[in-house]
Every structure is written in C-alpha cells, then in structure tokens.
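Here's the structure we're looking at; comments come further down.
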C-alpha cells in the first residue's frame, strides 16, 4: 500500500527539495522538473450539470486557499531563489472537475455519509506544465473534493506570485482504508461550535473522513436531544455549554461539505454520571465515594443496566440522538464498566437476584435493547473493545470495535471476527504524557505515559499481528483527544500536526519512513498556520528549512 | 516563608469554598465572611502628587480588568447562588493608593529596574466590608502595583454584578525572593512583539518580575544591535523575524510598566552558529557535520574564544546590546561548550599553541574580556552553571549563576560562593516531555523526559541541600521555555498556568501543599482566559467546580 517505485524515488528527492509536499502522500505520484505559475485569471470549472452546492462551495474555498495561503517554500530563503525560474514558467489557467462516465451526481455530503464499504474517495489529478488546463476526475463528488484538497497543496507564494514546482504532476489516488478519523471529547471540557468547525477544516485538509464525537460523559452532558432535553439542561456545565439540535445540524452539515461523516458516541452503560442530574433513578453509584472504588475517574455513575426501565430509557435516548446524525454508524461506547458499582447498587442487585441473571447476561440484554433500537434505524453499532474482549456481550457481527487499551488487542478482536478501528492509546492518544490530573497526586504520571510523538504515531502498523485473512477487518484508525487537560486553549496545538500522522497511515498505507516524511509534515503544518489552525513547530525553523540536516545522523 | 497560622486556616477553608483565590498567596492574609459589591461608580484614587504615568496606566488597566474579567466563581452554579447574599451587601466605592511616609516617588518602571537587592515590592491592602474605602499602601510604586494586582484577583461576576466574597480582607505582603522569572527562547522559533507583550501581561498577573530573554542562539539571530546590524540581517530567519531597537524599547517599556525587568542573554561562546552568517571569521566548526560531534543540537558553531579579535568583537557586541537594556543584569550564557569543536578548529589551536594557553585559560580570558565590558557599564554578569562547575572560569564574586542541568547542582554553586537563580530542568523546563525533535530518531525521547507538571514544579524546594548560611545566595528562580518544539501557536498553552507554580514558590515561599493550591490555580487560570491568555485546563471543569472532589483519595 505504498506508492510505486517511481513515486518512491520522487519522495526521496522531495526530501532534499520538498517541491511536492503532499499530505497524505498519494498512492501514485509522478512529477517533473518545471515551475508553473498560477495564472491571475485562474479558474476552476465544474464540468457537471446541476453541480451540488457543496461542491461549488468547495471550489470557492479552494480558490480562497490558493489566493490566501501565501505559503513560502520551506527552504533557505523561503523560495526567493525560485523567482528566476518563474520568468520562464508557463501559466496554469484552469482546473476542470469532471465525473467519470456513468457516475451519479450526488453531493459531497451525501457521498461522505454512505456506508464505509460504499464510499468512493478515489480521484485522478493531472496538472500539465505546458500551459494547458489541469483536470481532476473521479467517480464521485467526494473524490473530486479529495482531488481539490491535493491540488491546494501544490502551491507556494513568493513576492506576489503563486506557483508550483516539480511540475507536471500526475496523480492517481485512493485511500488504503475507508475509516480515517479524529476523536474529540467535548464532555470533560467544552468546545464551541467554531472550535469544532475549525477542527473539521483541519481534518479535511489531510483527508480525514470521520469525526468521532465523544459528545457526553460522566462530567457533563452538553447535547440537547429532542425529547430528552432535561439531560443537557441539568447535566451540561452551563446553558451556554450545550450543543442544540441546530448546532448539531450545522456541525454535521459543515463536516459533510468537507467529506467528513460524524460518528457520534453516547457512551453506555458506564461514563454516564451526568445523566443522574436529571434522572437519578437510572444511575447506580452516582457520585459515590471514594470515586476510585466506583469508576476509573471522577465522578462515578453508571446506567442501571439490569433495569428494563433504564434499558428502555437508554434505547430511546440513543434512538433520538441517532436521528440527529445521518451517519450509518453510531457508537454506544461500552468501556470501563465498573463491577463494584453494580455490586453495591441495591436496585441492580435486586433485579439480578429476582431474575436470576448474571451481570454479564444483564449487559448482553441491555446491549441488545440499545443496539436493537439503533439497528431498527439502520445504524451500525460501534463499541469499545471491552464489549468483545472482556464482557463477552452478544453483538451483531457487523458491529465495529474500537481497539484502545493496547494496540496488541487488535489480534483478539480480529480473532473474534469483528471489524475494527485502530484507536490504540499506546500510539494514538494525543492527551497522554501531561502527567496525572487527579488531585492530591503530586508525583503522579498519567496511565498512558509517555507523550505519543508524531513519530510514534507514524510508526503504527495497522496489520501487525493479523493474519492475511484478517486484514479485511481493519477499517482504519484515528488519533484521539480526551480532554481532561485540554480545552479550546490547546485544541489546535495538541492535535496538529500530530494527528496528520494517522491520516497518512490510513490513506497512504503504513510503512512510510518517518524521517523522509518530516519535510512534508513541516509543510502541511506551516500551511495549517497560514489557514488559521495553530499547528505547532516540530523543530526549530532552522531545521524545517533544511530537510535532513537536523537528523541525528547528519 | 509560609503565611501565618491564621492565614493557613483561611487557605484550608478557601479550598472548600475558594472565595479568596489569590495567586501567589500573600504572606499574611486575613479574611471575613461578608460579601462586598463593587460600586458602579467605583474609583481608584492615586493619592500621590505627580503620580508617574505608568502608575496611572496601571490604575486604568486595573479598572478595565474589574469591568471586563467577568469571571464567574468556580463553584457549582458558577456563583448564581451568591446573588441572594448580594442584596444585603455593602458596596465598595473607592480604592486609594498611597505611598508610606518618606517614600520617594519614582515610576514603576524605574523601581522594577533597580538592582534586586534594592527592589521593594512589599505592600499592604485593606478592603473593609462596611462600605468605607479600600487602601493600598507601599514604600514604592512597584509595591502599589503588586497590590493592585492582588486587588484585581478579588472580584467575581454574576448577572451583571461585580462582587467579592469572604470580605473584609487585610493583606500584608512581600516576596520571599527578589528574583521571580520566566525565560523565553526566541531563537529556535520566533515570537512576535505582541506574543511577548501578552506573556509579560500574564507574568505580571502572578507577580513575576523578571523576563529572562534568551533572544539569540545558534539557529537564528533575531536581534538588531546598533553597530552590529549585519548579525540580524544575515542571521535572522527573515527580515520580519527581527527585533529592532524600537521593538526592544517597546518590550522593555511594556515590561517595566508591569513591574518586570528584562534580563537579556547573548549566549557565548557556544550557541553562536548564527553569527557565522555575517562573521564566519569568529566562529569555529560552523555547520560542521555530523553536528552531534560538535554541539548538543544542530547547527554547530562556537565563538573562537582564544582569538583576541573575537573576544573584542564579542565584548563590543555585548556592550552594544547591554546599552539597549536598562537592567542591572546581563547574561553571557556559557552553557554546553563543546571541546571537540575547538580541538578540531585550526585557528583556535594555532592561538592556543602559540600563546601556550589551555582552553580553560583561554575561556577565562575571554570571559574576563566580555564581563569586563559589561561591568564597565555597571552590569552584573549572569551565567549558566557550567561556567562555575565545569570550566572553573575566574568570575567576579557578584556573578549570578543559573542552575539548570539538575536541581542537585545548586549545592555546588553555593559551595563556590555564588548567588543563584534556580532554573532546574528537572522541575522547571516547560518544554520537556514532548519527545525527541531531531530527525531520523523515531523512538526518541527528549533528554529531559518526562513532562514537568505544575505539581512537580510546585514541589520544588529552593533551599534543598543548602546550609543556613547559603540560603542568602538564593535569589529566586524561574520556569523556562526552550522553543525547539514551540512557537506562538502553543506559547500560552505550554506556559500557563504551569509557570504560575514557580511564581508562587518564589513569592510566597516553598512548602505549600499542591493539593490545597489547586483551586486557586484553577481560579487564576480561568482569570487568565478571561483576559485573553490561553491558559489550559488542569482538570475537567467538573473537578474545577468541586475543590477536592477529584482528589485521588476523595
């Protein structure tokens, strides 16, 4: 799943002179040695009758990026030396977007929300260097959008001129995996709609296609669900820290227009203390102390899973939430269930005793109720790994499992026959390494020390320890931001450019050389900044301008 | 150096109900149980003839904070429950600033720039709860400014009302140590004047009084020094990444008005590769490869210290730089000198051989030249610890030594008889824990792993391993941000609120209970955000609103 040999040669050259610095790296990339100007009257033609408005909006945004990025090349002198080559360069006057024969015209949004197995993000991009027009062709508007994203990464700026080097370009490109995600927890600390929208833009720039929204948790319930509005009214941090249905609609729409599906998670039966504010009858061990006896972090509180009333309430809540999100997937969570909480909960014990169920049987029944409600709406359930590996819950075989505790657990999930999304804490947790955050713990480290560097994330192998037959079970993966120690204040800086690492692994395929990738990662990071996302430096600028010179071995 | 017993009792109460959440904690604090409103016509009277303009400016800023902070209390409900108490509360109509009898009227700036031993930051603050006026008195305008800073932290907001709880307040306050700093490296990556000014504001809010500006280094030389302008012209990252003399003047002035002295550092003789761009004749092993044979990080390059011409050039550069900064202190650096660089440098070896000097003797002579030039200007030299502990350089006894390699090195510096500023990497380096940044180092950690949490910083003991006689050698300390992996993008989030930890240690004295401090640290962090500095969350907001409830033991 790496580019062809020709393309690999190009990448090695690109390390010394990052003239083509695409992220993620296309499947097949051929480049030349000419410089090309973007004509002042450059235009993007959409050669599609009745083009959907989100495609024409994407064209408008692309033109704005071409004009406003003003990214100077990351070389000593920042591209000032390119100017001499520019005087002889041809100009590119147009880019044409066209669907392949037989393709159906649907919006980017609609294409981004179909089931993973039906999603078509492939495209071809040709940029001639002889002055003739560039072309993106694809089977879907979503593929055209991915091509536009690539096209927007070709261009640099110097002294008023927008230009590309190492032209012409020929790209044929398609993702290695259908799921490339980014997870944000908006319950430990709250993020505004604009924070999320800015993050969706950033995701789209590296072709991430799934926003896994861990929207609620034990600490707060910031989601206003029709019919269940008391949960946010009483469980959100404040009235202004709530996502209204119109906020959700605008996030889903913003995401869809950028080729991103929104996979919402209502974590159950654990991580639900916030529900107790409105419905204490459904929550066992709410705020029980010491919290560490009842939960992995404060506050304690879990749905009374053995109670039919609670199961029905939860199924109703999940169904009502699912109706807010067009995705074919819905996550019911299922991580970190605390057994002691249920052992000590009188109502739960009473039901278990009177019905002769074990806790595991009750969890299976609860899950069948909640998943049944979702499947009735056409949703594919998504769960954290414990539901398969620890609790032996009866699940539909199409359930998608997120592997998080350790990357080593992927093999067991595959053995159980489930499709998986790699979300391993040992590679992809963006929050690790900031030390312990619980109080009265002066020397405390976080459980998932150390910090997961971009190099570590980039070294992840999605197929490790899996048999060839099991490879098809890997849907993709994602980096994740749990927000005990994060807020809008460090959202950009903790996520970017690190989260681009998994975006490349799951688009281009694993096995890339991190050192060779670094100049391209600098490039996309600097471009993020030009577009208003605060991606941090990975090295002193001195190193960013001199690929390879700051290598340990240089 | 901790508050009196009465005040300690108050702190413990404040942990459950952080009504008085001052940072740093005053030396002596007495509080009551009344609520006090800020009158709509509240005014600050400066009872000083010919009050300096930086004092009246500080009064204006304080009034703006009172009006604009709009900080809701960090309790469940965010202070909405306080409203009932507000109906019966008295109003505070005025705050009077007055100098103690016999005090000389000088500007805050002038007071902030006197020698450390002469600096007077003490103040007393009385806030009655009976409707009579509040008073700050001090021996200096600098003390009045510190009192204003404290006063500004008393106030909360709810539904249009500004109020304080736990009134009246009586404070007598003075710093435990005269040096309380923050170091920023502007050479690995560049920071704008406004980034620095925002940081100076943040520093002043926690009474940090020294901005240690590590302005240049091997990667870039962003300082325009009169008479030496070619260094920045050729050694800065770009023409726009330069601090002009007027930029420097505005930073020094902005700092001074906020009670902050600017201690500039021109690191010598190592960390000077950037000088080679304009003056290759003065630099040994410039850009030599592999860099790891010649320097601790790329690029290699050190001043040819044995060359009289280079020593004179350097002395001239330092003197010209020193004239840009009114501080009585000036740092000549002196860390991480690479011996191999000089061993392999022909010109250096030729001079050493022809003059019969050892490298150590040449370093002493070089330092005498550079320090001599600074002392002629009335400056106190500041150096990194190696100059005393490793190189046995002859130094003026008044030289200030920064201990950085390990906190354990403080004892040796004290034994050598030098005054010191604690800057230990094992407690105070803000950049540690983000993994290795050199290229081709996929599994690399940083040398100073792990991340230095605020709890770790707060546990620092400035007097550890020192004899009682040596205590007077401790001038204070600082947290430091080296910027290999930082830029304007994460300046706020990597520094705040963590860097407030040392601000409290060196103002209030060490030995405070970090767990008891946490609610106050949340409070100042939330206040920072209200004032536009992106301090990050230390915990989920659920915990920030419930002091102690998220303790490991709760």
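The values are calculated or read from the model by the stated rules, or taken from the named source; none is laboratory data. Keep in mind that what you see is a predicted model, and the values were worked out from it rather than measured. Please note: Cβ atoms are built from the backbone with ideal geometry, for glycine as well, and neighbour counts cover all protein chains shown.
Within region B:480-498, being more than 7 Å from every other protein chain (Cβ to nearest Cβ) and free of Cβ contacts under 8 Å to residues at least 60 places away in the same chain holds for one residue alone: B:497. Within region A:466-475, the set of residues being in contact (Cβ under 8 Å) with a residue 24 or more places away in the chain and either over 24 Å from the mean Cα position of the chain (by Cα) or within 14 Å of another protein chain (Cβ to nearest Cβ) (or both) comprises just one member, A:467.
Yes/no matrix, rows are residues, columns are (1) in contact with a strand residue (DSSP E or B) (Cβ under 7 Å, 6 or more places away or on another chain); (2) under 30 Å from residue B:490 (Cα atoms):
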position: B:366; (1), (2): no, no
position: B:383; (1), (2): yes, yes
position: B:403; (1), (2): yes, yes
position: B:415; (1), (2): no, no
position: B:429; (1), (2): yes, yes
position: B:451; (1), (2): no, yes
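Screening A:111, A:121 for residues that are surrounded by 19 or more Cβ atoms within 10 Å (Cβ to Cβ) and part of a loop (DSSP other than H, G, I, E, B) leaves exactly one candidate, A:121.
Please determine whether any residue of region A:499-520 is under 30 Å from residue B:538 (Cβ atoms), within 11 Å of another protein chain (Cβ to nearest Cβ) and under 19 Å from the mean Cα position of the chain (by Cα). Looking through region A:499-520, none of the residues is under 30 Å from residue B:538 (Cβ atoms), within 11 Å of another protein chain (Cβ to nearest Cβ) and under 19 Å from the mean Cα position of the chain (by Cα).
Screening B:38, B:95, B:13, B:55 for residues that are modelled with pLDDT under 95, in contact with a strand residue (DSSP E or B) (Cβ under 9 Å, 6 or more places away or on another chain) and not assigned by TED's automatic domain parsing to the domain that holds residue B:256 leaves exactly one candidate, B:13. Among the residues of this structure, residue B:495 counts as one that is within 15 Å of the chain's Cα centre (by Cα) and either closer than 22 Å to residue B:186 by Cβ or surrounded by 21 or more Cβ atoms within 10 Å (Cβ to Cβ) (or both). Considering each residue of region A:413-430, count those that are surrounded by fewer than 22 Cβ atoms within 10 Å (Cβ to Cβ), within 30 Å of residue B:517 (Cβ to Cβ) and touching a helix residue (DSSP H, G or I) at 6+ places or on another chain (Cβ under 7 Å), and give that number. Matching residues across region A:413-430 total 0. Pull up region A:520-545, narrow it to residues that are outside any helix (DSSP H, G or I) and touching a residue at least 40 places away in the same chain (Cβ under 8 Å), then point me to the one that is surrounded by the fewest Cβ atoms within 10 Å (Cβ to Cβ). Top of the filtered list is A:532. Residue count for region B:287-331 under the criterion of being assigned to a strand (DSSP E or B) and touching a strand residue (DSSP E or B) at 6+ places or on another chain (Cβ under 6 Å): the result is 3.
The set of residues in region A:256-286 that are assigned to a loop (DSSP other than H, G, I, E, B) and either within 14 Å of another protein chain (Cβ to nearest Cβ) or at pLDDT below 95 (or both) comprises A:271, A:272, A:286. Here B:314, B:328, B:310 are screened, and the one residue that is in the same structural domain as residue B:213 (by TED's automatic domain parsing) and out of contact with any helix residue (DSSP H, G or I) (no Cβ under 7 Å at 6 or more places or on another chain) is B:328.
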